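The values are calculated or read from the model by the stated rules, or taken from the named source; none is laboratory data. Since we're looking at a predicted model, the values are computed, not measured. As a convention, Cβ positions derive from the backbone with ideal geometry for all residues, glycine included, and neighbour counts pool all protein chains shown. When the accessible area is computed, the model is the full protein with side chains, heavy atoms only, and any ligands, DNA or RNA have been set aside. Shrake-Rupley method; radii C 1.70, N 1.55, O 1.52, S 1.80 Å.
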Amino acid sequence: MRQGFRAGRARSVRAAPDLAAVLGPFLVWWVAVVTVTTVSLASIPVVLDASYDHLRPHPVWVQSLVRWDSNYYLTIAERGYVSPEMPAFFPLYPLLVRLVASTGLAYPVAGILVSAVATVVALIHLRRLAVDHFGPAETLLHQRAVLLFLAGPSAFFLAAVYTESVFCALTFAAFHHARRQHWGRACALLALLTASRSPAVVVVLAVLVEYLTRPGARGHRVDRRVLWFLLTPAGLLAYLGYGARELGDPLAFLHAYDHGWAYQVFDPNVPATVLHVLGEWAALFVADGGPDVQNLFGHGLGPFAWLFCLVVTAASWRRQPAGFTALSLGTLVFVALNSNLQAVNRYVIVLFPVLFAVTGWRHLREESRFGLLLLASGAVMALGAVLFTHAEWVG
C-alpha cells in the first residue's frame, strides 16, 4: 500500500509542471470563447425552436454553448435514448455529464464543466506528446503546439457541450502511454474511447501500429503485452449489449441513421466524395442573388480542413512515427466514407500529428510568422463560434 501511495504521489508531482504549463493558456482561451459567444448572443438574440426551451432558465453564457448535437447529449444524459435517432450518439460523454449533474448541477452546466476538464486533460497529454516528439529541450515548440491546438479553426467545439474534448483527452492520453510503452494503460483508455464515438476504431488501429513498430520489436516475435489490445473493444461491446437489452437492437447506433440522417450513405469512393463536395461548395459562388458568403464559410470548413490535413500528412509522414501517420490517414478516410464531409473540421481536431507537423515547420520559426498564423486561425475560430452560437451550421 505504501508503495502504491508513493507511486501515486510521484505521478502527481510529475503532472504538476504539465498542468501549470497549460492552465494559463486554457483559461485565456476558455474565457475568450465564452466572452465571444456570450456577447454575440446577447447583442443579436437568435430565435430557436422548442427543442431549446430547456435553456431559458440558464444565463446567456450557458445557452451560447449548447447548440445542435448538444441537445441530444443532454437529453441522453437526463432521460436516456428516448427516440430512434439518438443511439447514433455514443454513451460515454452523456454518462460523464449525468455523473457530474448528480452533484446537483444543471445538466447544461455539467456538460460545459465536463468539456472544460476534458480539454485540460487533453492539453496536458498533448504537451507530453510534444515533449516526446520534439525533445525535452524544445520548450517553445511544446507551448506552440498547445497554443495552436486552442486556436484551431474549430477549437470552440472543445468548450461546447460536444464530445470533442473527451475524445481528444482519451486519444492523446492513449497515445502518450503507447509512446512510453505502457500498453495496459493505453488499452484501458482505448476501451473507454470506443464508448465515445465510432472513429475510435481508427485510434485503436493507430495505437496498434505504434505497438507493431515500437522500438525493439523483432520480426514475427509475439509479445504477450499485445493481449492488452483485447480490452479495447470493451466500451463498444458494452454499448452493443445495452442496445440489445434496452433498445432491442444491438446495432441501434447504426440503424439510427435511417431515422435522423438519411443523407449519411456509406460510399468507399473517397476521391469521388471529395470532388463532389468541392463541386457543391463552388456552386455557392453562383447562387441566386450572388455568392452565399455564410454557407461558403460554414460548408467550406469541412472539405478544406480535410484537404489541408491530407496535404500536411503527405508532406510530413517520413518525419513522424508510423502510428501518427496511421491516425491521420485513417481518420481522413473514415470521416469521408459517409458520402459527405460535413463536420470534418471538428472531427480532425484530434489529429495532433498534423498539429505537430505545422508547429515544427521551419518557416514558422520566426515569432512574427507564428503569431500571424495564430491570429488568423483564432479569427476563424471566433467567427465560427459566433455562427455556432447563432445556430448556423459550422460543423
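What the table below lists for this structure:
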quantity	calculated
Only one of Phe157, Phe175, Phe167 that is over 30 Å from Thr38 (Cβ atoms) and buried (at least 24 other Cβ atoms within 10 Å of the Cβ)	Phe175
Which numbered condition Leu364 misses (of (1) within 22 Å of Val204 (Cα to Cα); (2) out of contact with any Ser or Thr (no Cβ under 7 Å at 6 or more places or on another chain))	(1)
Hits in the range 119-136 - residues which are part of a helix (DSSP H, G or I) and open to solvent by 10 Å² or more (accessible area, probe 1.4 Å)	Val120, Val121, Ile124, His125, Arg127, Arg128, Val131, Asp132, His133, Phe134
Listing of helices (runs of 4 or more DSSP H) fully contained in the range 162-218 that carry 2 or more residues being at pLDDT below 95 and under 24 Å from Trp30 (Cβ atoms)	none
The range 312-356, residues that are part of a helix (DSSP H, G or I), in contact (Cβ under 8 Å) with a residue 24 or more places away in the chain and surrounded by fewer than 21 Cβ atoms within 10 Å (Cβ to Cβ)	Val312, Ala315, Ser316, Arg319, Ala322, Thr325, Gly330, Val333, Phe334
Within the range 18-27, considering residues that are farther than 16 Å from Ser165 by Cα and not charged (D, E, K, R), the one surrounded by the most Cβ atoms within 10 Å (Cβ to Cβ)	Ala21
Yes/no for Leu227 being within 24 Å of the chain's Cα centre (by Cα) and in a helix (DSSP H, G or I)	no
Positions within the range 268-279 being of a type outside the set (A, V, I, L, M) and either open to solvent by 50 Å² or more (accessible area, probe 1.4 Å) or without any contact (Cβ under 8 Å) to a residue 24 or more places away in the chain (or both), in sequence order	Pro268, Asn269, Pro271, His276, Gly279
Enumeration of residues in the range 375-395 that are in contact with a His (Cβ under 8 Å, 6 or more places away or on another chain) and either in a helix (DSSP H, G or I) or modelled with pLDDT of 95 or more (or both)	none
Which numbered condition Pro353 fails, given (1) more than 17 Å from the chain's Cα centre (by Cα); (2) closer than 26 Å to Arg180 by Cα	(1)
Failed item in (1) farther than 26 Å from Gln342 by Cα; (2) over 23 Å from the mean Cα position of the chain (by Cα); (3) among the small types (Gly, Ala, Ser), with Ala262 passing the rest	(1)
Only listed residue being closer than 30 Å to Leu254 by Cβ and touching a helix residue (DSSP H, G or I) at 6+ places or on another chain (Cβ under 8 Å), chosen from Ala145, Ala130, Ala151, Ala160	Ala160
The listed residue being within 21 Å of the chain's Cα centre (by Cα), at positive phi and open to solvent by 20 Å² or more (accessible area, probe 1.4 Å), out of Trp30, Trp68	Trp68
Residues of the range 39-54 classified as open to solvent by less than 70 Å² (accessible area, probe 1.4 Å) and either touching a strand residue (DSSP E or B) at 6+ places or on another chain (Cβ under 7 Å) or touching a residue at least 60 places away in the same chain (Cβ under 8 Å) (or both), total	4
For Asp292: the one exception among (1) surrounded by 15 or more Cβ atoms within 10 Å (Cβ to Cβ); (2) at pLDDT 95 or above	(2)
Boolean, Gly104 is open to solvent by 20 Å² or more (accessible area, probe 1.4 Å) and part of a loop (DSSP other than H, G, I, E, B)	yes
Answer from Phe388, Phe304, Phe308, Phe285 - the residue that is out of contact with any helix residue (DSSP H, G or I) (no Cβ under 6 Å at 6 or more places or on another chain) and closer than 28 Å to Ala42 by Cβ	Phe388
Total residues in the range 104-139, condition within 25 Å of Pro321 (Cβ to Cβ), in contact with a Lys or Arg (Cβ under 9 Å, 6 or more places away or on another chain) and not acidic (Asp, Glu)	4
